[in-house]
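Data first, discussion second: the structure below is written as structure tokens.
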Amino acid sequence: VNPLRRHAARLCLGLIALLYVAAAWALTYGARSIQGDNFSRIANAFYVLYSRDPHLAAVGFVWNPLPSLLDLPLLVVLRPFGLALLAGPLQSALWSVANVALMARILRQIGVAGWPRPALVAVYALNPFVALYAANGMTEAAFMTAIFLLTSALFSWHATESPGALLMAGLACALAMGIRYEVFALVLIGAMAIALIWWERHWGDWPRLEGQLLAFLAPFLYVLLVWGLANWMFMGSPTFFLDGPSSNAAQTEQFRHPGSELWPLYRHLGPAISFALARCLLFMPGLIPLLVLAAGTLALRRRPTAAVVLFAPAAVLLFHVYYLYAGQSFGWLRYYCYSVPLGLWAAALVVAHGPPPSGTRSRRRALAHRWITIPLVMATVALSVPTTLVGLVGPAWGRAEHGVLDDLVERATAAGAATRWSDEQAMAAYIDGLRLPRGSVALDTQDGFAIPMYSHAPAQFIVSSDHDYVGIVAALPLFHGYVLVPRSSLVVSPILSLYPGLRSNTARWARLQRRTGRWLLYRIAPSADG
Amino acid sequence: VVIYDAEDVPDPDQLKKVVVGFRKAGPEVVCLQAKLNYYNSGQNVLTNWFTSEYSMWFDLFLPGLDASGAPVPLGGTSNHFAAQHLREVGAWDPYNVTEDADLGIRLFRRGWRAAVIDSTTLEEANSQVYNWIRQRSRWVKGYIQTYLVHMRHPLQLWRALGPKAFFSFTMVVGGTPFGFLVNPIFWSLTALWFLAHAGFIRSLYPAPVFYLGMASLLVGNIAFILLNVAGCLRRGYYGMVKYALVSPLYWALMSVAAWKGFLQLFTNPFYWEKTVHGLYHRPGMTQGGEGGGSGGSGL
């Protein structure tokens with residue numbers, strides 16, 4: 001590799017890292033736009049370290065644990081500087097930088113040379129979705145890293161069948177298991193890719209297939225086993241993360257009933273495919289022609305198994321179609337972002353594989369490939385940048401993302417304007433003002449996770465992960481202290497389920513102390529006839 | 001000078017490769033170690049485990065040490081020496097029960113190196129549990145001896161090896177038997193915590209140590225299992241992968257042997273636990289006997 005080119009590549013990566021980290025800071029502390037899932041994951045790490053009852057299991061069993069576990073050292077470093085909320089965004093920025101480097105590596109593995117390679121990397125790195133999710137602390141960037149690692153490893157396995165590539169593919173799935181449950185699609189497709197390559201080259205050598213599949217599956221199964229064991233130990237069921245009250249399946253229950261927004265897709269494959277495809281095309285308008293061209297190219301070159309490079313993102317997209325069909329998806333736009341790498345790698349296959357060198361018209365074909373096919377393909381993928389932007393700012397598409405634009409505009413026009421978390425911040429400040437001793441305020445952190453994080457004395461809260469939480473809540477009318485509950489009837493609160501009178505202020509053992517837009521703070525008075 | 005055990009089956013071109021290896025290597029390379037493996041790997045579960053361990057050790061670990069410029073503890077057989085340097089270094093220590101590993105370190109202290117060549121010698125894997133424990137107990141005892149002998153003057157050793165090689169020596173020669181010895185203690189504590197939720201265990205550890213221990217437990221175990229799997233894959237022993245995946249059971253045997261060796265260090269430090277060979281008969285091979293074979297150590 002030309003050293004000058006290597007230095008230039010490192011410089012570009014450094015600039016991209018700077019851009020992502022700056023965007024993370026600007027979004028979190030400039031626009032004060034903090035995405036809820038990101039906040040919740042940081043809060044889980046926060047409880048492990050700074051709650052009244054710090055212990056590792058406080059990391060929680062709703063989300064896959066790796067992002068919160070990685071937030072632990074970041075919190076230790078950032079919190080003394082008042083930057084605790086940067087832990088998640090900084091993490092996603094670093095994952096995203098890794099993704100840019102991995103994208104360049106995969107394109108090199110595919111065989112893309114010359115100007116199309118940096119151009120394709122730039123189309124990825126500067127995609128508005130990629131940039132936004134590098135800055136907002138969500139797990140898409142980390143999961144994308146797992147997809148990229150798996151893709152790179154599978155492609156390397158396809159080329160060399162080296163043990164290192166096989167184990168790396170397995171480790172990529174283990175990493176994905178720590179991040180998101182779409183991992184099941186990756187594991188399935190990875191195993192299929194290995195079986196396909198074996199079928200093409202080693203058909204009949206059954207011990208080889210057994211050994212390769214076991215080696216690939218082992219890291220994932222190990223993480224699954226450890227996670228299941230932890231769920232069983234702390235939550236009483238090894239599958240709590242899949243079927244517990246806070247699981248994806250439980251939270252999407254509303255979509256499996258008539259009248260809900262996604263009801264027309266439930267058990268209807270056509271509408272589910274159409275819904276997903278529309279979003280995929282928003283991210284990558286030329287996806288279908290690019291896939292057709294890539295398939296044609298590989299067929300002509302008689303390299304069908306090179307298509308393994310497309311397997312991982314395609315599998316995750318199919319997984320989301322299935323989830324729509326099964327009524328277990330929220331239908332967020334971000335679930336379909338994997339069409340970006342899918343389209344880019346399909347384009348890379350076309351760009352890298354020109355016409356076969358043999359034949360009388362090969363020179364003319366090569367020229368056509370260079371001057372017509374490559375520019376057309378590159379223009380097609382470049383279209384993804386503006387269309388993604390349209391998707392993000394349009395509330396009809398980016399239901400979760402367009403709020404960021406609102407935040408940016410609001411902060412730019414009125415710096416002191418309320419944020420999504422102003423209410424939690426105000427309640428935390430009020431409770432801090434009461435100067436309560438440790439363990440004074442019971443709070444269900446499923447929705448109230450932000451309040452202890454905004455408090456200067458987080459140990460005054462009894463949070464869901466505390467060992468004595470269940471006992472205290474079960475005997476709440478006898479508790480000497482306070483309880484915080486959400487006002488909204490849409491919020492499922494375990495405390496309110498037990499004590500519905502708290503929402504309507506009819507519980508005789510509790511006196512309303514403070515009301516904000518979203519929260520009710522009660523002082524519990526056991527002396528009353530509770 | 002080359003050492004072979006009686007039952008060894010070296011690659012037919014090994015000596016030629018060694019000659020070429022010595023010619024190509026720099027003057028600091030005074031020993032070439034061939035990779036060791038087993039011809040009876042499929043005999044039973046123990047030989048499968050033993051082979052997966054050797055595949056990891058000789059095909060991945062020792063070449064890795066070699067490539068990183070760290071001292072290579074030699075295996076007991078198929079090590080090829082430049083005779084003059086062997087004499088200069090004083091050859092083998094007759095009191096050390098893993099004299100081969102010790103020799104590798106002493107060569108390194110003199111500024112020489114042992115390198116690994118890509119040629120294999122097949123041996124007979126120990127196929128009986130007690131026989132295996134005796135052999136392994138000697139290896140562990142020998143590694144501890146080697147560590148203690150070289151650490152008599154830690155500063156001298158630091159100066160002779162340099163910080164990187166000193167760290168590697170400590171982790172490989174000292175850390176390997178230490179790991180075997182402490183494993184059952186930590187396994188017991190972990191099991192006790194899981195089964196009885198014994199709170200005192202948690203109180204024994206400050207939070208950072210507890211979390212680091214947890215990370216080590218979760219990452220360390222799978223890392224070592226996968227290293228064994230990688231060794232099998234590299235050798236093309238695909239059918240052995242399933243055994244490598246349950247190698248923690250094999251580690252339990254290692255711990256039994258390690259404690260036997262460790263305690264014997266106090267009661268009978270220079271005793272050589274003989275390994276019975278000839279338990280497996282390859283077609284066309286005459287029967288071996290006790291002590292007739294491997295004195296080597298390949299922890």
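The values are calculated or read from the model by the stated rules, or taken from the named source; none is laboratory data. Fair warning: this is a prediction, and the values are worked out from it, not measured in the lab. A quick note on method: Cβ atoms are made from the backbone with ideal geometry, for glycine too, and the neighbour counts reach across all protein chains shown. Side chains are part of the model used for accessible areas, which takes the heavy atoms of the whole protein and leaves out ligands, DNA and RNA. Shrake-Rupley method; radii C 1.70, N 1.55, O 1.52, S 1.80 Å.
Quick notes on this structure:
- DSSP-assigned coil residues among trypsin sites (Lys or Arg not before Pro) in region B:124-183, each with at most 14 further Cβ atoms within 10 Å: B:ARG152
- Summed side-chain charge close to B:TYR211 - residues other than B:TYR211 whose Cβ falls under 15 Å, Lys, Arg +1, Asp, Glu -1: 0
- Magnitude of the charge dipole, region B:50-165, Cβ model with Lys/Arg +1 and Asp/Glu -1, debye to 20: 600 debye
- Residues along region A:213-233 losing 20 Å² or more of accessible surface when the other protein chains are present rather than the chain by itself (probe 1.4 Å): A:LEU214, A:ALA215, A:ALA218, A:PRO219, A:TYR222, A:VAL226, A:MET233
- B:VAL45 paired with B:THR190, simple spin-label distance in nm, labels 7 Å along Cα-to-beta-carbon: 1.9 nm
- C-alpha center-to-center spacing [region A:429-507, region B:16-75] in angstrom: 62 Å
- At least 10 Å² of accessible area lost relative to the chain alone, listed for region B:231-262 with a 1.4 Å probe: B:LEU233, B:ARG234, B:TYR238, B:GLY239, B:VAL241, B:LYS242, B:LEU245
- Ranked order, B:PHE58, A:PHE240, B:PHE270 - accessible area, probe 1.4 Å, largest first: B:PHE270, A:PHE240, B:PHE58
- Normalised by 2.2 N^0.38 Å, where N is the number of residues, the C-alpha radius of gyration of the protein assembly as shown stands at 1.11.
- Two-decimal log10 I(q)/I(0) for region B:75-116, as the Debye equation yields it once each C-alpha is a single scatterer, q = 0.15, 0.16, 0.19, 0.34 Å⁻¹: -0.31, -0.35, -0.51, -1.50
- FRET efficiency for the A:LEU18 to B:LEU249 pair, using the beta carbon distance and R₀ = 45 Å, is estimated at 0.35.
- On a per residue basis, chain B carries 45 Å² of accessible surface, using protein heavy atoms and a 1.4 Å probe.
- Relative contact order of chain A, defined on C-alpha pairs under 8 angstrom at six or more residues apart (%): 15 percent
- Dimensionless Rg ratio for region A:86-220, taking C-alpha atoms and the 2.2 N^0.38 Å reference: 1.13
- Surface composition of chain A: carbon and sulfur make up 67 percent of the accessible area, probe 1.4 Å.
- Chains B and A together bury roughly 1800 Å² of accessible surface, counting both sides and using a 1.4 Å probe on protein heavy atoms.
- Distance between modelled label sites at B:ASN268 and A:LEU225, nm, 7 Å Cα→Cβ extension: 3.8 nm
- Global geometry of region B:197-250, whether rounded, prolate or oblate, following the gyration tensor of its Cα atoms and the 1.5 cut on a/c: prolate
- Annotation: amide H of A:ALA510 within the under-5 Å range of A:ALA525, sequence separation 5 or more or interchain, hydrogens built in the peptide plane.
- The calculated 222 nm mean residue ellipticity attributable to helices in chain B amounts to -16500 deg cm²/dmol, summing -39500 (n - 2.57) over DSSP H runs of n ≥ 4 and dividing by all residues.
- Student exercise, the protein assembly as shown dipole from Lys, Arg, Asp, Glu Cβ charges, in Debye to nearest 20: 1800 debye
- Length-normalised contact order for region B:78-154 - Cα pairs under 8 Å, 6+ apart - percent: 36 percent
- Counting charges near B:ASP59 (Lys, Arg +1; Asp, Glu -1) among other residues having Cβ under 10 Å from its Cβ returns a value of +2.
- Over the C-alpha atoms of chain B, the Rg to Rh ratio, Rh being the Kirkwood estimate, stands at 0.97.
- For A:ALA450, net neighbour charge (Lys/Arg +1, Asp/Glu -1) across residues whose Cβ lies under 13 Å away: -1
- Candidates B:SER168, B:SER55, B:SER203, ranked by Gaussian network fluctuation over chain B, Cα under 10 Å, top entry: B:SER203
- Accessible surface, per residue, of region A:5-110 when the full set of protein chains is kept, probe 1.4 Å, Å²: 40 Å²
- A dipole drawn for region A:21-162 from +1 and -1 charges on Cβ atoms has a positive end, and of A:PHE46, A:THR145, A:ALA22 the residue lying farthest that way is A:ALA22.
- Region A:454-530: relative contact order in percent, alpha carbon pairs under 8 Å with at least 6 residues between: 32 percent
- The HN-Hα couplings worked out from phi for region B:165-181 by the Karplus form 6.51 cos²θ - 1.76 cosθ + 1.60 (θ = phi - 60°) are 5, 4, 4, 4, 4, 5, 6, 7, 7, x, x, 4, x, 4, x, 4, 6 Hz, whole numbers, x standing for Gly and Pro.
- Nearest-ten-degree value, helix A:339-352 long axis tilted from longest Cα axis of chain A: 20 degrees
- Candidate lysines for bridging to B:LYS260, where Cα separation is under 20 Å - those fewer than 8 sequence places away on the same chain excluded: B:LYS141, B:LYS274
- C-alpha long axis of helix A:163-177 to longest principal axis of chain A, angle in °: 30 degrees
- Computed with the Debye formula from one identical point scatterer per Cα of region A:1-121, without solvent, the log10 of I(q)/I(0) at q = 0.11, 0.14, 0.17, 0.20 Å⁻¹ comes to -0.49, -0.70, -0.87, -1.03.
- Residue of B:ALA196, B:ALA70, B:ALA244 that the Gaussian network model of chain B assigns the largest fluctuation, springs spanning Cα pairs under 10 Å: B:ALA196
- Spatial offset of region B:153-208 relative to region A:326-346 amounts to 45 Å, using the alpha carbon center of each.
- The calculated FRET efficiency for the pair A:ASP432 and B:ALA67, based on their C-beta separation and a Förster distance of 51 Å, comes to about 0.35.
- B:TYR38 long-range amide H proximity, modeled H, under 5 Å: B:GLU123
- Where labels lie 7 Å past Cα in the beta-carbon direction, separation of A:THR516 and A:ALA414 in nm: 1.8 nm
- The A:VAL76 and B:LYS16 beta-carbon pair, evaluated with R₀ = 56 Å, returns a calculated FRET efficiency of approximately 0.45.
- For B:MET171, solvent-accessible area (1.4 Å; no DNA, RNA or ligand), Å²: 110 Å²
- Rounded if a/c under 1.5, otherwise prolate or oblate - region B:1-101, Cα gyration tensor axes: prolate
- Separation between Cα centres of region A:53-126 and region A:183-255, rounded to whole Å: 23 Å
- Taking every DSSP bridge with both residues inside the protein assembly as shown, close to 55 percent are antiparallel.
- Translational D in µm²/s for region A:359-440 (Stokes-Einstein at 25 °C, 0.890 mPa s, Kirkwood Rh from C-alpha pairs): 135 µm²/s
- When B:ASP11, A:ASP432 are compared by accessible surface with a 1.4 Å probe, the order from highest to lowest is B:ASP11, A:ASP432.
- Taking all protein chains together and a 1.4 Å probe, the residues B:PHE186, A:PHE148 rank B:PHE186, A:PHE148 from largest to smallest accessible area.
- Accessible surface computed residue by residue for region A:204-303, with neighbouring protein chains in place and a 1.4 Å probe, gives 51 Å² per residue.
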